[in-house]
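Following: one structure in structure tokens, then a few remarks.
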Amino acid sequence: MPEREGASVQEAFELFRAPAPKGWRVELIEGEIYGVPPADGGHEEIVTEVVEQIIARRVDRELRTFTGIGLSLPGSTDTARVIPDLVVAPKGSFDDQQEWPAPDPVLLVAEVTSTSTASRDRVQKIRAYTRAGIPLYLLIDREAGEAVVCSGPAGDDYGHTSVHKLGTAVALPPPLGFELDTSAF
């Protein structure tokens, strides 16, 4: 990695991101750079199950699911760069092929906790997503055995949060408007 004394956080992020091992995600949240190792099979099973349920049950047939897409979010001091486990947005929302698109069209982001990401998924990412005005945040917290649905972004937090035990039906508000079956989680 080239030496860059005095580099900004954004420049350091780019320097760390470039040589990241295959499958690793590098994110910038609240001025901190995080290297995220590849997810385990259980994590990916849950993401796939959520994707399949959204595709099968969505009310608006123009909604699409995206995995592995990076988002540029406004931060309290710097711009955040995150790669959610799942993004739901209207068809064509990311046709501009930007590497870090703005979150404007995003209707839902979902994260599935892993040992290395759980605390960020529960705290920093909630703040990042609400600051960006993303209407819905779905957190599948494997360690706590819960599905958390956050809606009504306002300031640094969501106005409404509902917590459900995994294994139950979880109501997802509009624009999704269906019950997510978490029994397979």
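The values are calculated or read from the model by the stated rules, or taken from the named source; none is laboratory data. What you are looking at is a predicted structure, and each value in this text was computed from that prediction instead of being measured. Virtual Cβ from ideal backbone geometry, glycine too; neighbours counted across all protein chains shown. Surface accessibility is based on the protein's heavy atoms, side chains included, excluding ligands, DNA and RNA. Shrake-Rupley method; radii C 1.70, N 1.55, O 1.52, S 1.80 Å.
Extension gain for His164 to Thr115 (0.36 nm times residue separation, less C-alpha to C-alpha distance): 15.6 nm. Can you list the lysines whose alpha carbon sits under 22 Å from that of Lys125, skipping same-chain ones fewer than 8 residues off? Answer for Lys125, where 22 Å is the Cα cut-off: Lys165, listed by chain and number. For segment 77-185, relative contact order (Cα pairs under 8 Å, six or more residues apart, normalised by length) works out to 17 percent. For segment 75-129, the equivalent ellipsoid derived from the Cα gyration tensor has semi-axes of 21, 14, 10 Å, listed largest first.
Summing charges over neighbours of Ala56, with a neighbour being any other residue whose Cβ is under 14 Å away from its Cβ, gives -1 when K and R count +1 and D and E count -1. Report note on the peptides 55-63, 175-183: ranked by the mean count of other C-beta atoms within 10 Å, highest first, their order is 175-183, 55-63.
Membrane-span-like helices in the chain (whole DSSP H runs, Cα extent of at least 18 Å along the helix axis, mean Kyte-Doolittle hydropathy of at least -0.5): 41-57. The order of Thr130, Thr67, Thr48 by accessible area, most exposed first and with a 1.4 Å probe, is Thr67, Thr48, Thr130. The length gained by stretching the chain between Ala20 and Tyr34 to full extension, at 0.36 nm per residue less their Cα-Cα distance, is 3.9 nm. If a/c stays under 1.5 just call it rounded; otherwise compare a/b with b/c (prolate if a/b is bigger, oblate if not). Do that for segment 106-153, with a ≥ b ≥ c from the square roots of the Cα gyration tensor eigenvalues. Because a/c hits 1.5 or more and a/b exceeds b/c, segment 106-153 counts as prolate.
What's the Cα-based Rg to Rh of segment 1-71, Rh via Kirkwood?
Radius of gyration over Kirkwood radius for segment 1-71 works out to 1.12.
Let me know the shape class of segment 57-185, please: from the alpha-carbon gyration tensor, a ≥ b ≥ c as square roots of the eigenvalues, rounded when a/c is under 1.5, otherwise prolate if a/b is greater than b/c, or oblate.
oblate
In terms of packing, defined here as the mean over residues of other Cβ atoms within 10 angstrom, the peptides 118-129, 79-90 line up highest first as 79-90, 118-129.
Which of the three applies to segment 34-131, rounded, prolate or oblate, going by the alpha-carbon gyration tensor with a ≥ b ≥ c and a/c under 1.5 meaning rounded? Can you show the working numbers first?
Details: a/c = 1.79, a/b = 1.10, b/c = 1.64.
It comes out oblate by the Cα gyration axes.
Extending 7 Å from the Cα toward the beta-carbon at both Val9 and Gln97 defines two label points whose distance is 3.1 nm. Averaging Cα coordinates gives a centre for segment 117-185 and one for segment 1-72; these two points are 17 Å apart.
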